[in-house]
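Following: one structure in structure tokens, then a few remarks.
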Amino acid sequence: MKIKDIQGLLEAKLVVDGGNMDLDIHYACGADMMSDVLAYLHEHSILLTGLCNPQVVRTAEMMDIECIVFVRGKQPDENMKSMAMERNLTLMVSEYRMFTACGKLYEQGMRGGDVRGR
Amino acid sequence: MDDKIILHYEVSGDDFTRAGEASSDVKNKLKQMDVSPEAIRKVAIAMYEGEINMVIHANGGDITVEISPEEILMVLKDTGPGIPDVGLAMQEGYSTAKEEIRSLGFGAGMGLPNMKKYSDTMKIDTIVGVGTTITMTVAM
């Protein structure tokens with residue numbers, strides 16, 4: 001699924017366009033604990049999170065994550081936006097809660113890439 | 001890359017929002033050096049976890065990174081409280097981080113296990129009340 005399709009599905013507002021809206025994404029991770037994200041293996045994924053601080057952007061950078069979706073309408077601040085711009089990382093904000101946002105993506109074939117490959 | 005390149009960083013313990021700047025800089029430098037994406041990713045994640053740990057538990061410290069044609073060596077040194085039980089600290093999910101840190105997205109007890117997972121070798125030298133030095137390598 002392309003990042004622009006994820007934006008449409010989650011009715012998300014684009015906050016930073018990382019220049020990768022046409023990139024195909026197959027895996028997603030939903031987490032508020034960045035240590036859990038760092039334990040997660042797939043690169044070039046998207047991250048859904050309710051956490052909103054600069055370490056979310058930095059964690060995404062380390063993991064080569066392509067896009068962060070802030071759920072529950074969490075708004076990244078100017079510092080986070082400029083960090084994302086420097087790193088060509090797309091940021092978007094969805095009003096959906098984490099469970100619903102993840103469910104919508106799963107329904108469309110996105111997977112978590114866990115140990116059982118589901 | 002013929003010569004050894006040495007990078008040094010001082011990590012401030014005062015500002016959590018800046019934690020990870022050293023790891024970010026190393027990642028960018030490795031990208032410019034034509035290092036394999038797999039090695040870059042391993043170094044970035046292992047060092048970032050270590051850098052975050054320094055800020056959370058030890059009020060900062062310093063990091064030296066040596067890049068040679070064979071490997072990337074990371075030495076993370078702090079003068080924090082030390083780790084009383086390394087075996088316990090290495091267990092996934094075990095954490096002494098305060099609730100304040102957990103609310104910032106860290107302290108899930110995955111820091112040291114992730115560092116071990118993403119590095120090829122890892123050694124912990126720690127003395128309670130004196131500090132901790134963690135040495136990690138990632139092969140090129």
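Restriction of the chymotrypsin sites (Phe, Trp or Tyr not before Pro) in segment B:12-94 to DSSP coil positions whose beta-carbon has at most 16 other beta-carbons within 10 angstrom yields B:Y94. Considering helices alone, the calculated mean residue ellipticity of the protein assembly as shown at 222 nm is -10000 deg cm²/dmol, with DSSP H runs of length four and up weighted by -39500 (n - 2.57) and normalised per residue. The residues of segment B:80-108 occluded by other protein chains by 30 Å² or more of accessible area, set against the chain on its own, are B:L104, B:G105, B:F106, B:A108; surface from heavy atoms, 1.4 Å probe. Heavy atoms of chains A and B lose about 1900 Å² of accessible surface on contact, summed over both sides with a 1.4 Å probe. Nonpolar atom fraction for segment A:3-107, defined as the carbon and sulfur part of the 1.4 Å probe accessible area, stands at 49 percent. What part of the accessible area of segment B:5-139, given as a whole %, is carbon or sulfur when the probe is 1.4 angstrom? Heavy-atom surface of segment B:5-139 belonging to carbon and sulfur, 1.4 Å probe: 50 percent. According to the square roots a ≥ b ≥ c of the eigenvalues of the Cα gyration tensor, what is the shape class of the protein assembly as shown, taking rounded for a/c under 1.5, prolate for a/b larger than b/c otherwise, and oblate for the remainder? Prolate, because a/c is 1.5 or more and a/b exceeds b/c. Taking every pair of alpha-carbon atoms in segment B:5-139, give the share separated by more than 25 Å as a whole percent. Value for segment B:5-139: 20 percent of Cα pairs lie more than 25 Å apart. Counting only DSSP beta bridges with both residues in segment A:3-107, the antiparallel share comes to about 20 percent. Interface residues of segment B:37-53, defined as those with an accessible-area decrease of at least 50 Å² between the chain by itself and the complete set of protein chains (probe 1.4 Å), are B:R41, B:Y48. Protein heavy-atom accessible surface, 1.4 Å probe, per residue over chain B: 49 Å².
Structural descriptor for segment B:1-55: relative contact order 47 percent, calculated from alpha carbon pairs under 8 angstrom and at least 6 residues apart.
The values are calculated or read from the model by the stated rules, or taken from the named source; none is laboratory data. Values in this document were obtained by computation on a predicted structure and should not be read as measured data. Using ideal geometry, Cβ is built from the backbone for each residue, glycine included, and neighbour counts are taken over all protein chains shown. SASA here: full protein model, heavy atoms, side chains in, ligands and nucleic acids out. Shrake-Rupley method; radii C 1.70, N 1.55, O 1.52, S 1.80 Å.
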